[in-house]
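Written out below as structure tokens is the structure these notes cover.
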Amino acid sequence: MTYSFRSSLIIVFMLISSALFAQTATIRGFVYDKATGEPISYANILIKGTGLGASADGNGFFQISKVTPGTYTIIISFVGYQPIQEEITLKAGEIFNKKFLLTEGTELAEIEVNAEKQESLTAIKMSAIKATRKEINAVPTIGGESDIATYFQTVPGVVTTGDQGGQLYVRGGAPIQNKVLLDGMTIYNPFHSIGFFSVFDTDIIRTADIYTGGFNAEYGGRISSVMDITTRDGNKNKFEGKVAASPFGAKLMLEGPLKKAKKPGGSTASYLISTKTSYLAQTSKILYKYVDTAGLPFNFTDIYGKLSFNGSNGSKLNLFAFNFADSVKYQAVSDLKWNAFGVGSNFVLVPEGNPVLISGDFSFSNYRITLDDKISPVRSSEVNGFNLGFDFKYFLKLDEVKYGIEVEGFTTDFITYNALNREIRQEQNTTQIGAYVSYKLSRGRLLLEPSMRTMYYASLSSFSPEPRIGAKFNLTEDIRFKAAAGVYSQNLIAANSDRDVVNLFYGFLSGSEDLPKKYVDEKGNVVDRKHPLQKANHYIFGVEYDLNKYLTFNVEGYLKDFTQLTNINRNKIYNSDDATKPDILKKDYIVETGRAYGVDFVSKFNTKKTYLWVVYSLGKVTRWDGIQTYAPIFDRRHNINMVFTQLMGKEDLWEVNARWNYGSGLPFTPTGGYYMNVNFLDVNTDYTTANSNDLSLIYSSLNSGRLSDYHRFDITFKRRFEFKKVKKATEEGKPDETKITSKLELIASATNIYNRRNIFYVERVTGQRVYQLPIIPTLGFNWAF
């Protein structure tokens, strides 16, 4: 489709939209925090006496379409803010557009609207978690600062490798099958090697949406899950900052205006800078010698910067850049380093006189990882490229249409080795194009969201149509049934081995056509391979139940049917061009299939002072590689998470956070035996009497062993101090004005408080057990000014 033709279609659609809306009116706008200028995501908008309303999106934008002309009172509210009411008069064909500014304070009881309740009735939310700042901070902090990495580990269906490794598996999907977005840019490795920390600074996160399955056609290119994170803008009214430090690391965040609004709702420009670094490898030699006299070998540095330009009508442009780096050195096991950097932009455009919202993004990034495991040659992987996308959102009263296009081009440069030290190498350029349309419609108690995505993978010359659907039926306001199903595909392949003792190396390579043309299915039938893509079908059904406004339950059963997967051929012993050998012994990659199924139970109790989050996940994951059925290394049968937060004191200055996690044992491939590697350099060598110090391994059946169960209890205590400035009243009878100028928070925490010896791995040659981290107490502080 040419650019001119595509542009013509957009113009024609907008003209038709204008004509359809000529007899009614439209109310749209943005909701902002008056003090900082930051959008208030998911604020509630209600037209008094009509039953019409909306919720603001992640940018604070809302739109109510097809409103009969007349005079109305509009109410804007959100928990923790003083609501505002404003009378407006609408004319036929008018699009009323305004910025609304809310002030922090106590909401009025008579118009208080529970945002989460409203969203549960108007959004399908299948396998979706919208992480709020309060929920992220509820998980005990490790090293003084909350992090979305530890929160993500408490999400239903998520399996973690523990304290070390930094990899998360979502409902049977490997890390390569999880899409992570930061302001629209793909992040290839979002978690550091020590499993407590991500590359994201919690203080700059605006929204964090996590989809563990059944996501709609807006997202593509992955077959398991999506984590979509957006960052907030810098303060548009004044300079602010935050400093934090602990034995684990330190952080500095600065923000402020570049251009202040000349009038309420006027155009602005602001900046935001966040840097955080770890020096645990150095401090642990002094503070945590009991763990390892050589210290804990983890270091990382994350830098993020953002410029935001906001127009008076709500249109905006963001420019951002980042650099994330990580290094870890396990003694005698592996030496890993990775670095990621990128630059990007995104925008929101609010056209005058037309009820459509246009957004888009463009970015470039690079990721490189190397691993030296002291046994095989050094492995390396690099992926770099760009992504470009445009989205259009169109409102039809209670319904919503969204469509868009996404283009992603990347280069992979990859070297690795299989278990027999045969080199597997790939350098490839590829482009993938996706287009989607979704229609969200509301008909009484029924919500439906059919959507369609089409993907074209240029390097594989493959086209993938992907229909998806989500539905919810509100039996009552407190009991809701929901379901979702869809088809998903992806190109990227992981470069890790299932036999790695410490599974840290997650390189990336593009999908390959160097696959067997035929493969054996689980029933023993020889079948033709239909395409080179990795594909999966999702089927999910769930029930939501609100016992009262504080206590909610959610139950979801799921099946992920991985109809085709690509994996590194661990049985390769011959060159690919050897026509005399079977594919299973010479191809770089093999075709696998698999299933992941289970049920997740979630209970949440949430008041202003108390928060309790309880999750139990029951799941099973299997893979078939053409020879055997096996359990992948992330097949965990039982997983439990309990998170508790309690605020104390008249002004909530004291806070305690606690988390307990239990997980049944993960699979691994045991060492079956050893033999001496006699090299026969001397033609007269007698192998019956020759001795060698070079031992080679004999592996047992793939992932036939199970590690012991994992469990851990973490706790954090916080005490906040507020420094205030009192401004004397200028008029008699009026109270003095008190303003908080800065906040200091002292934090004491401990991970693995009862010192559970959770196993990390077993050293293959010596049989030595290496354990995860023992009890680690920390003291830290953060100062916001």
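The values are calculated or read from the model by the stated rules, or taken from the named source; none is laboratory data. Keep in mind that this is a model prediction, so the values were computed, not measured. Cβ atoms come from the backbone with ideal geometry, glycine included; neighbour counts cover every protein chain shown. These accessible areas exclude ligands, DNA and RNA; they are computed on the full protein's heavy atoms, side chains included. Shrake-Rupley method; radii C 1.70, N 1.55, O 1.52, S 1.80 Å.
Conditions (1) small (Gly, Ala, Ser); (2) open to solvent by less than 50 Å² (accessible area, probe 1.4 Å); (3) on the phi < 0 side of the Ramachandran plot; (4) at pLDDT below 85, marked per residue:
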| residue | (1), (2), (3), (4) |
| --- | --- |
| Ile40 | no, yes, yes, no |
| Ile47 | no, yes, yes, no |
| Ser65 | yes, yes, yes, yes |
| Gln82 | no, no, yes, no |
| Gln85 | no, no, yes, no |
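Residue-level analysis places Asp583 among those that are surrounded by fewer than 21 Cβ atoms within 10 Å (Cβ to Cβ) and under 26 Å from Lys535 (Cβ atoms). Against the definition (in contact with a helix residue (DSSP H, G or I) (Cβ under 9 Å, 6 or more places away or on another chain) and within 25 Å of Lys316 (Cβ to Cβ)), how does Ser65 come out, yes or no? Here the answer is no, as Ser65 does not meet what is asked.
Could you check, for the stretch 491-504, whether at least one of its residues is assigned to a strand (DSSP E or B) and modelled with pLDDT of 85 or more? There is at least one residue in the stretch 491-504 that is assigned to a strand (DSSP E or B) and modelled with pLDDT of 85 or more. Within the stretch 735-785, the set of residues being assigned to a loop (DSSP other than H, G, I, E, B) and under 22 Å from Glu145 (Cα atoms) comprises Asn752, Ile753, Tyr754, Asn755, Gln772, Leu773, Pro774, Ile775, Phe785. Looking only at the stretch 729-758, residues that are modelled with pLDDT of 90 or more and at negative phi come to 15 in all. Here is the figure for the stretch 620-669: residues that are farther than 26 Å from Gly594 by Cβ, within 24 Å of the chain's Cα centre (by Cα) and open to solvent by less than 40 Å² (accessible area, probe 1.4 Å) total 5. Out of the stretch 393-411, which residues are closer than 20 Å to Gly344 by Cα, touching a residue at least 40 places away in the same chain (Cβ under 8 Å), touching a Leu at 6+ places or on another chain (Cβ under 8 Å) and open to solvent by less than 40 Å² (accessible area, probe 1.4 Å)? Within the stretch 393-411, Glu408 is the sole residue that qualifies.
The residue of the stretch 563-583 that is nearest to Pro632 (Cα to Cα), among those that are of a type in the set (Val, Ile, Thr) and part of a loop (DSSP other than H, G, I, E, B), is Ile573.
Of all the residues in the stretch 194-219, those that are open to solvent by less than 10 Å² (accessible area, probe 1.4 Å) and more than 13 Å from Ile148 (Cα to Cα) number 5.
The residue that is surrounded by the fewest Cβ atoms within 10 Å (Cβ to Cβ), counting only those in the stretch 441-477 that are within 13 Å of Ala123 (Cβ to Cβ), in contact (Cβ under 8 Å) with a residue 60 or more places away in the chain and not small (Gly, Ala, Ser), is Asn474.
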